[in-house]
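Only one structure is covered here, and it is reproduced in the block below.
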Amino acid sequence: MRKKIIKSTVFLLLAALLLGRLNTIFRLKQEDGILPMEIFYEQERDSIDVIFYGSSHTYSDINPAVLWREAGIASFDLAGSLQPLWNTYYYMKESLKYQRPKVMVVELVRAIEEREYIEEARTVTNTFGMRFSREKYEAVKVSTPDNLIPYLLGYPVYHARYTELSGEDFEDFGDTPKGRTYKGFYPLFTTKEFDGFSDMSGVTESRELAPKTEAYLRKIIALAEEEEIPLVFMISPYQGIIDSEQQFFNRCGEIAEENGVPFLDFNLLYEELKLNPKEDLAEFSHLNHRGSTKLSAYLAGWLQEAYQLPDRRGEADYADWEQNALLWEQLYADQMLREEDGWYDFLEKLSKDKNMTYLISLDGAFDNKEQPLKEVLTGMGMPVEITEQGGVWIHSPKGDQAFAGQADMQYYMELGDSDLLIRRNSVGTQLILDRENCLKTANGINVLAYDELNGEFVTAVGFDAQQGYGCVR
Amino acid sequence: MLFNSLQFGVFFPLVVLLYLLVPRKMRCFWLLIASYFFYMGWNPKYALLILASTVITWLSGLVMGRVPEEKRKLAVAAGFVLNLSILILFKYFDFLLANVNTALRMLHLTVVDKPFDVLLPVGISFYTFQALSYTVDVYRGTVKPERNFFRYALFVSFFPQLVAGPIERSGNLLTQIQKLPEKKLWNYDRVAGGLMLMLWGLFQKMVIADRAAVLVDQVFDNYQMHGWFGLSVGAATFALQIYCDFASYSTIAIGAAQVMDFQLMENFDTPYFAKSVSEFWRRWHISLSSWFRDYLYIPMGGSRCSRKKRYRNLMVTFLVSGLWHGAAWTYVVWGGIHGLYQILGYELKGIRTWINEKLHTKTDCFSYKLGQIMITFLLTDFAWIFFRSNSLTDACRYIRRMFTKLDFWSLFNGELYNLGLDRPEINILLLGLVLLLLVDLVRYVRKERFDSFLKEQNLWFRWGVLLFLVAMTAIFGVYGPGYDAKQFIYFQF
């Protein structure tokens, strides 16, 4: 009998391990609500000075790396996609179990929420990152009372992800280049041009918030008072704002004033932020990498002045924030490279980047004799034979590789998790990255760039010699 | 409370745990409470119906035990009439009314616009038949009337088989309930075997049946959009779906009962390996077909009568069996087709033998038996089209399209992946089908059930199979609130 009990226990243990592993693989790892909370738990206890709460307008518009660079503020974006205030409230309660921030900033765009419940997909992004706790239970209950158990367990909701699994699902996020250095920011590297911003200065009347939304707004104020932590309300700037939304925000301002909570409505402060509608917006609702940098820099100054927050730069315990800023700066540089269409400036940016592995392939009639191509390339360190005969040059922080001439060659290398296969023969060149040929031009310069710091492929670009080195992407 | 629900995942272990802990005399009460709780999970009000059915048949049994022989008929008739009245009222009233109204319309008379319009009480056909079989058994003297109401109530409502069978006989289940205080509850091998059966049943239901249902629903609800290929795949998949759906419930029921030291009767025995339609009915829903055999077919005269009467008995039995499955003409026709198959089977037996002799066909070889199995499957699958279709008109149109829209090119143009399940889902379904085939082959060839076969194997194989099934069900089972990747695309905010 004893043997049978041991056997059953071992079997049950194996089954539990198996199910546990399946849960780790299948669980959702979205950056728009789940990862920020999961990585929040990884932060050193009581190390964060400012926590930003709210929806996508928080995690895409406020960049902790910029606050760090500007004023040494240790901040974190703890937000979820389309997060209603009732979820924000439980995020705040949960976060205060682990951190004692000096200021809590709540972005209130979702005060426009008039529904009693939002769609369940949002319950996923706003509760799945939370550890099992009373706060999580309440957050799920207030969001989807009819599906309480599956959403608390999680696995029944996401077990059918088998068709969308990728390599990332088999990795522990702690091992990724981001890991605990990630501070919840989700940059939008796209740009949509607008002629201007909507002028909201004329909208002075206010509109009652939905009862559930107002109730939780007041709970947030009460929580901050109870915890004796200064609270700030803000509204992120966005191009698509309409009058009725501004009226809701005006009501938020009134409630803030009643309770002595500072209220920053950035839809009335476009000029102070120096936002450019042609360059700084990702789309009608969010700022892009440039716009978020401006807003974050403004916030850094404002918070520093209002609350005299400590400058943590140089403190050993805050190395994560420094690392996060470095990663961000590299991502920003990567984006600048993606946006660059001129061959000369592109190569110059590339050559100055110390964290980049890049491949330059000179193919076909690559030199149109009209530009100082050879000088620029030899200046970067490319061997002269390649600049004369054509070929492939790979520059990496770990060392260079050069393949001159048109002779048959095949070379394989790994770029992070990607596979790169280079083939050259009399017919031409193939630059096969993860089964896709990235060769952009048969006559000219082909470049592949890989960001070693963030472990991300940056761009594949060609400059066509026959088109005056026009950019081909 | 469905077997594949989280609620049952909590309910069952709790019931078993307390069943092991309560005093011997309390076991019956505890299981009775648990069974009523289980049933009330659907609709608490319907517990009154099962209670009414229980009281009627219990009293009928008691009366039969006390009255002289000539009055026993009255008691059994009363039990039948009252019980069947409940069944007819709740299950067939609207169907009957619709047919009466059709007749009235044809005669240009005013229709009766008072449908009963209530939700069909779950499992009413199962427990009604189980209770009725008891009254007949008492009447025939094969079992003694049960004097203890609670024991009898547990017999009618025993939760593992309450809502979808197997339809138990008093000679089996009631006898086991009577011996409940003497049962030795804990037996490692028996409990482990029961749990293995439950796991296999969950796999059948959640991975195969519920996945097949997606394709079946797509094809049957849009049959106008499909040709021969899609409609044939739809019909074949429905055969798979209904088998896995129904057999899985019985398997889980048998496993759950086995955990608690109850042996329920087998309900499915590799039906699609049957070599004739009559054999199919000896392997499909055995508890129901044997019920009809014992309480309808044989009392009407069975096969020990003239050929004409025998065919009549067969036809009546199958028509009633069709009606038992559902209150619609599609089920009646389905039953009728099976009756017809059997009659034709008898009628054409001579011709078949003559053809086999003329063609010197070997009948005792694999190919002949395989041919028989395939023909039987095609015949039963043809009948399933009526069972699944939403109306008789739909069924006829479905069949007509299947034989007139001959899109043979669809075999090769990827049409299979446009029938509601994409390529990965079809692959999972095929994998499930292979596993099902293996398990059924073991059953068919070695006459061994899944649990007893596994118990004979080496530990690494047994555990490997079980862990594989756990993982497959956890990943590929159709459950949860319907996560849809499209719902989560970042820019929807």
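The values are calculated or read from the model by the stated rules, or taken from the named source; none is laboratory data. Bear in mind that the values here come from a model prediction, so they are computed numbers and not experimental data. Here Cβ is always computed from backbone atoms with ideal geometry, including for glycine, and neighbour counts include all displayed protein chains. Remember, those area values only see protein heavy atoms, side chains included, never the ligands or the DNA or RNA. Shrake-Rupley method; radii C 1.70, N 1.55, O 1.52, S 1.80 Å.
Exactly one residue out of A:Glu205, A:Glu168 is open to solvent by 30 Å² or more (accessible area, probe 1.4 Å) and part of a helix (DSSP H, G or I), and it is A:Glu168. The residue list B:Asp210, B:Asp189 contains one member that is over 30 Å from B:Gly234 (Cβ atoms) and either in contact (Cβ under 8 Å) with a residue 60 or more places away in the chain or not charged (D, E, K, R) (or both), which is B:Asp189.
Out of all the residues in segment A:21-76, which are open to solvent by less than 10 Å² (accessible area, probe 1.4 Å) and charged (D, E, K, R)? Across segment A:21-76, the qualifying residues are A:Asp32, A:Asp49, A:Asp61. Restricting attention to segment A:58-85, the residues that are under 28 Å from A:Glu329 (Cα atoms) and either in a helix (DSSP H, G or I) or not assigned by TED's automatic domain parsing to the domain that holds A:Phe248 (or both) add up to 10.
The sole residue among B:Ile286, B:Ile242, B:Ile252, B:Ile298 that is within 22 Å of B:Ile167 (Cβ to Cβ), touching an Asp or Glu at 6+ places or on another chain (Cβ under 8 Å) and aliphatic (A, V, I, L, M) is B:Ile286.
Out of A:Leu275, A:Leu337, A:Leu295, one residue alone is under 22 Å from A:Ile51 (Cβ atoms), open to solvent by less than 40 Å² (accessible area, probe 1.4 Å) and either in contact with a strand residue (DSSP E or B) (Cβ under 8 Å, 6 or more places away or on another chain) or of a type in the set (Lys, Arg) (or both). It is A:Leu295. The lone criterion from (1) farther than 25 Å from A:Ile235 by Cβ; (2) touching a residue at least 60 places away in the same chain (Cβ under 8 Å) left unmet by A:Thr190 is number (1).
Tallying residues that are within 38 Å of the chain's Cα centre (by Cα), open to solvent by less than 50 Å² (accessible area, probe 1.4 Å) and within 7 Å of chain B (Cβ to nearest Cβ) within segment A:8-20 yields 1.
In this structure, A:Asp49 does satisfy being on the phi < 0 side of the Ramachandran plot, in contact with a Leu (Cβ under 8 Å, 6 or more places away or on another chain), touching a residue at least 40 places away in the same chain (Cβ under 8 Å) and away from every other protein chain (no Cβ under 14 Å). Looking at the structure I just gave you, is B:Tyr331 within 17 Å of B:Thr376 (Cβ to Cβ), in contact with a helix residue (DSSP H, G or I) (Cβ under 9 Å, 6 or more places away or on another chain) and in a helix (DSSP H, G or I)? For B:Tyr331, the condition - within 17 Å of B:Thr376 (Cβ to Cβ), in contact with a helix residue (DSSP H, G or I) (Cβ under 9 Å, 6 or more places away or on another chain) and in a helix (DSSP H, G or I) - is not met. Against the list (1) on the phi > 0 side of the Ramachandran plot; (2) within 14 Å of chain B (Cβ to nearest Cβ), the condition A:Ile149 fails is (1). Suppose the filter is of a type outside the set (Val, Ile, Thr) and touching a helix residue (DSSP H, G or I) at 6+ places or on another chain (Cβ under 7 Å); does B:Leu340 pass it? When the stated conditions are applied, B:Leu340 does not pass them. Count of segment A:123-146 residues, restricted to those that are farther than 14 Å from A:Tyr98 by Cβ and within 14 Å of chain B (Cβ to nearest Cβ), is 11.
Condition check ((1) open to solvent by 40 Å² or more (accessible area, probe 1.4 Å); (2) under 30 Å from B:Thr102 (Cβ atoms)) across all residues:
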{"site": "B:Pro299", "(1), (2)": "yes, no"}
{"site": "B:Arg312", "(1), (2)": "yes, yes"}
{"site": "B:Val316", "(1), (2)": "yes, yes"}
{"site": "B:Leu319", "(1), (2)": "yes, yes"}
{"site": "B:Thr330", "(1), (2)": "no, yes"}
{"site": "B:Gly336", "(1), (2)": "no, yes"}
{"site": "B:Leu348", "(1), (2)": "yes, no"}
{"site": "B:Asn356", "(1), (2)": "no, no"}
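Can you pull out the residues in segment A:359-416 that are over 35 Å from the mean Cα position of the chain (by Cα), of a type in the set (D, E, K, R) and open to solvent by 50 Å² or more (accessible area, probe 1.4 Å)? Across segment A:359-416, the qualifying residues are A:Lys369, A:Glu370, A:Lys374, A:Glu375, A:Glu385, A:Glu388, A:Asp408. Candidates in segment A:456-473 are the residues that are open to solvent by 20 Å² or more (accessible area, probe 1.4 Å), touching a residue at least 40 places away in the same chain (Cβ under 8 Å) and within 24 Å of A:Gln410 (Cα to Cα); of these, the one that is nearest to the chain's Cα centre (by Cα) is A:Glu456. Of the residues screened, A:Leu448 is one that is under 24 Å from the mean Cα position of the chain (by Cα) and buried (at least 18 other Cβ atoms within 10 Å of the Cβ). Restricting the search to helices (runs of 4 or more DSSP H) fully inside segment B:194-309 and requiring at least 3 residues that are within 30 Å of B:Ser410 (Cα to Cα) gives B:210-221, B:228-259. Can you find a residue in segment B:163-170 that is part of a loop (DSSP other than H, G, I, E, B), open to solvent by 10 Å² or more (accessible area, probe 1.4 Å) and of a type in the set (Gly, Ala, Ser)? Yes, the conditions are met somewhere in segment B:163-170.
Of the helices (runs of 4 or more DSSP H) lying entirely inside segment B:65-157, those carrying at least 2 residues that are at pLDDT below 85 are B:69-87, B:93-106.
Restricting attention to segment B:68-80, does a residue exist that is buried (at least 19 other Cβ atoms within 10 Å of the Cβ), in contact with a Phe, Trp or Tyr (Cβ under 8 Å, 6 or more places away or on another chain) and farther than 20 Å from B:Tyr295 by Cβ? No, segment B:68-80 contains no residue that is buried (at least 19 other Cβ atoms within 10 Å of the Cβ), in contact with a Phe, Trp or Tyr (Cβ under 8 Å, 6 or more places away or on another chain) and farther than 20 Å from B:Tyr295 by Cβ.
When A:Ala111, A:Ala79 are checked against the criterion of being within 14 Å of chain B (Cβ to nearest Cβ), open to solvent by less than 10 Å² (accessible area, probe 1.4 Å) and within 29 Å of A:Lys212 (Cα to Cα), a single residue qualifies: A:Ala79.
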